[in-house]
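The structure appears below as structure tokens.
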Amino acid sequence: MASVVFYFQVHQPFRLRRYTIFDSDTNYFDDFRNEQVLRKVAGKCYLPANKIILELCKAHKGLFRCSYSITGVILEQFQKWTPEVLDSFKQLADTGCVEFIAETYYHSLAFLYNRNEFIAQTMKHCQFMEDMFGQRPRIFRNTELTYNNDVAKVVEDMGFDAILTEGADHILGYRSPNFIYNPPNCARLKLLMKNYRLSDDIAFRFGNRGWAEWPLTAEKFTNWVDQINGNGYVCDLFMDYETFGEHQWEDTGIFNFMRAFPGMLLATKKNEFLTVSQAVGRYPPVGEVDVPHMISWADTERDLSAWLGNSMQSNALHDVYSLADDVLATGDQILIADWRKLLTSDHFYYMCTKWFADGDVHKYFNPYESPYDAYINYMNILDNVRARAAAIKGR
Amino acid sequence: MKVFMLGWEFPPHISGGLGTACYGMTKGLSEIGVKVTFVLPTSVPRDSGGHVTLRSATDLPLGVRKIVHQTGQPFSGLELYQLDALLIPYSTPETYDEEARKLAEEQMALDAETLAAIKAISGPTSLGLFGHGAGPQYAGDLMAQIYKYERLAVALARISDFDVIHAHDWMTFPAALHVKARTGKPMVVHVHSTEFDRSGDNINQVIYDIERAGMHGADKVVCVSHLTRNIAFTRYGVPAEKLEVVYNAVELPEDGGAATRPIRRNEKIVLFLGRVTMQKGPEYFLMAAKKVVEKFKNVRFIMAGSGDMITRMIRLAADLGIGRYVTFTGFLRGKDVHKIFQIADLYVMPSVSEPFGIAPLEALSHDVPVLISRQSGVSEVITHALKVDFWDIDQMADKILAVLRHAPLGSTLKQHGRFELSKLSWRDSAESLCEIYRGMTGGT
């Protein structure tokens, strides 16, 4: 029996508006653009994809299951601009086939810079999930699947059952991602690792006509998953939810694939779908996986270099986290929320200079013309946040 | 492959980017085995040295001298010839007259002979591209000298062996057309700048006509950027199949750039280096400086260069009340350029219209980060630069301030900029040119 564990990441940042050093107001966010992007992606992805997932849950009478992580910052945007998307997620929650996973509310890299902030954001996200969907998350995933042994330890201490990360080759070596593991320093916490080959077949290669396996049919994919039988327990398919309709457009046939695949897989009678918690409850860990250094699911490097690869990124991250005490001490909820929205990892991703000249996936997601513009804009806003904190303190 | 190349400046005598480009290009060509006969007008100033006449060459037409660099020939496969004609663009009628009078005095004795020699050249007397007494920007004498350059170039071409004619910028186009008419060799014109770049929409009709005739008479028109290619296409009506783009490059300094940064006061330096003319947008630099100074006092703006707007700029700096933050150095060359790059924290090129713009590449080669206007050809090849629209002085000031205030910005720009620069080489540009030559000569 191979258990497919679908996990979808749902996130959009609060993008910043153009803010020069001569600006002094406190409107940092590009509401117009954020609403525009959200509505576009809702129409192309969230609404149609949720509709299909709901149909699958109903059609297979509870045998189709999947898990989501929805960041706090996108949920706030749903509430503000597209409440119908939020409703559709609530409908999914009501089926009982869908699990919600915890992460840092602000999709931040707080773990690296401020442990208290990391815990606070995670608790805030858990609470929000409970309020929205009536589930207290049992599973944790860190922003962009950034992970090492230390993350595992802290997450175990917070009471979670399991954590997700990338099944990076340089970590797993000869081992298969299709099992459940333990971090070396944890007694209880389980570790699920993304099967990046099969995940990326859907997320990245699905619409690529140059790919030898194109077109990817439900039959073919079912056959690949079926081969795990006897060699593993789980098939961890982790991906951005925007894969459906946004990264892979509807005309690639991605929705039809998703409609057909679960029925095809279940028809084998040898395979099934599980939520992360179900998989964790069903299978014992088969060994330890030691991850001393930070890994992530980004780029081919599978490391932090997309967010922390140049001195601008490291400077910006360092500066924003160094404001933590001053900002939190003000007790000003608006200022604190503004500052926390600046912690979202996307802002640092926009400053990435890797491959910038070649114009690739990084560019596609980037609202700035260059990483330098992203940094300048960010630092200008940070100046204003610093000044606000100082002004309140001085009062 | 042998090229008869017509230009109007060559190091060490340069007033701007053209000389630098001609040097790099001919060096690149020599590296891939292309022989270049480079034809220059009389250089200005003549007294500062640099070129030395070769006395041994006695079989040349009157008014034509074979010359070498004072330091010896820079590279093999290049022959430099100098014609007794004075081509100085970008000068006012007054300064041009001044230079021309000096030249005339020197040549008093020779002049009668030269004239006779020119008259002796048979064939069409003129292609009728221009009359004497051209436009307001260039004295009528310049047109006469362009005609002189044309006749002498033809005389030199008659005794030279070459496969292709290659002419840089409009002042040499009449000569190139005439040489083509006399020899039947294929001709390339290389557009480093157009009248629309130099004068906005108030163009000098005579110059426009020369440019247009040159582009249409040529077999191929090489533009230094797609920006310039578009102008050639839309404003000069050059057929698309005739147009090619070959980017300029830069030579990396051998000492590794900024290794020898001198100790200096704790003051940040923002540099403008270029002709102080409408085309280069010097006033936007000063207006941005004003905004920068409001936020950051520990800064000096250096305007290095000369041009017809220099006095206006000095006045503008005073009117803006930023006189004490601005230094005008006048025109710099050679070592001084090198030195000023070494002390600069940021190079700004706010050009209103810049067909290419080699100076930002030179700045990067000296490890100076650059802020360039989007209205520049170089912006097509450099991604690791700050970019603004030249008129957007708020953005310009914002970006200048960011470089001054946040060290990681400058260091990241430098690091990636230098790497990107290493991908641009004159040899590659020369390869592209050679490809174009081969296409015209049927692969000889």
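The values are calculated or read from the model by the stated rules, or taken from the named source; none is laboratory data. Quantities reported herein were computed from a predicted structural model and do not represent experimental measurements. Cβ atoms come from the backbone with ideal geometry, glycine included; neighbour counts cover every protein chain shown. In case anyone asks, the SASA skips ligands and DNA or RNA and just uses the protein heavy atoms, side chains included. Shrake-Rupley method; radii C 1.70, N 1.55, O 1.52, S 1.80 Å.
Can you name every residue in segment A:155-174 that is open to solvent by 30 Å² or more (accessible area, probe 1.4 Å) and either at pLDDT 95 or above or not assigned by TED's automatic domain parsing to the domain that holds A:Gly232 (or both)?
The first filter runs over segment A:155-174 and keeps only residues open to solvent by 30 Å² or more (accessible area, probe 1.4 Å), leaving A:157-158, A:161, A:169-170, A:173-174.
A:Asp157, A:Met158, A:Asp161, listed by residue number.
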Check: So, in segment A:366-384, of the ones that are of a type outside the set (S, T, N, Q), more than 7 Å from chain B (Cβ to nearest Cβ) and part of a helix (DSSP H, G or I), which residue ends up surrounded by the fewest Cβ atoms within 10 Å (Cβ to Cβ)?
Finding: A:Asp383
Checklist line | Check on A:Val5, in contact with an Asp or Glu (Cβ under 8 Å, 6 or more places away or on another chain), away from every other protein chain (no Cβ under 14 Å) and within 15 Å of A:Glu84 (Cβ to Cβ) | finding: no
Notebook entry, point to check: Since A:Asp325 meets every condition but one in (1) modelled with pLDDT of 90 or more; (2) surrounded by 18 or more Cβ atoms within 10 Å (Cβ to Cβ), which condition does it not meet?
Noted result: (2)
Checklist line | Residue ranges of strands (runs of 3 or more DSSP E) in segment B:168-254 with at least 1 members assigned by TED's automatic domain parsing to the domain that holds B:Leu29 and more than 24 Å from B:Tyr23 (Cα to Cα) | finding: none
Next item on the list: Among what's in segment B:376-388 and is more than 10 Å from every other protein chain (Cβ to nearest Cβ) and among the polar types (S, T, N, Q), pick the residue that is surrounded by the most Cβ atoms within 10 Å (Cβ to Cβ).
Entry: B:Ser376
Next item on the list: Could you tell me which numbered condition A:Trp307 fails, if it satisfies all but one of (1) open to solvent by less than 30 Å² (accessible area, probe 1.4 Å); (2) over 29 Å from A:Asn195 (Cα atoms)?
Entry: (2)
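Okay, residues lined up against (1) crowded, with 19+ Cβ neighbours inside 10 Å; (2) free of Cβ contacts under 8 Å to residues at least 12 places away in the same chain; (3) assigned to a loop (DSSP other than H, G, I, E, B):
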{"site": "A:Leu63", "(1), (2), (3)": "no, no, yes"}
{"site": "A:Lys90", "(1), (2), (3)": "no, no, no"}
{"site": "A:Tyr105", "(1), (2), (3)": "yes, no, yes"}
{"site": "A:Leu112", "(1), (2), (3)": "yes, no, no"}
Next item on the list: Identify, by number, the condition in (1) outside any loop (DSSP other than H, G, I, E, B); (2) within 20 Å of the chain's Cα centre (by Cα); (3) over 21 Å from A:Tyr46 (Cβ atoms) that A:Phe238 doesn't meet.
Entry: (3)
Notebook entry, point to check: Only one residue in A:Ala152, A:Ala187 is assigned by TED's automatic domain parsing to the domain that holds A:Thr217, aliphatic (A, V, I, L, M) and at pLDDT below 95, so which one is that?
Noted result: A:Ala187
Margin query: Just to be sure I understand, how many residues within segment B:389-427 are facing chain A (nearest Cβ under 10 Å), open to solvent by 40 Å² or more (accessible area, probe 1.4 Å), in a helix (DSSP H, G or I) and of a type in the set (Lys, Arg)?
Written below: 1
Next item on the list: Determine whether segment A:201-221 contains at least one residue that is modelled with pLDDT of 95 or more, acidic (Asp, Glu) and within 24 Å of the chain's Cα centre (by Cα).
Entry: yes
Next item on the list: Go through (1) in contact (Cβ under 8 Å) with a residue 12 or more places away in the chain; (2) surrounded by fewer than 20 Cβ atoms within 10 Å (Cβ to Cβ) one by one and return the number of the condition A:Gln12 breaks.
Entry: (2)
Note to self: Please determine whether any residue of segment B:365-375 is under 17 Å from the mean Cα position of the chain (by Cα) and either within 14 Å of chain A (Cβ to nearest Cβ) or of a type in the set (A, V, I, L, M) (or both).
What the structure shows: no
Notebook entry, point to check: Is at least one residue of segment A:222-242 of a type outside the set (Ser, Thr, Tyr), at pLDDT 95 or above and more than 29 Å from A:Lys61 (Cβ to Cβ)?
Noted result: no
Margin query: Could you check segment B:303-336 and list, in sequence order, the residues that are closer than 19 Å to B:Asp394 by Cα, open to solvent by 10 Å² or more (accessible area, probe 1.4 Å) and touching a Phe, Trp or Tyr at 6+ places or on another chain (Cβ under 9 Å)?
Written below: B:Tyr325, B:Val326
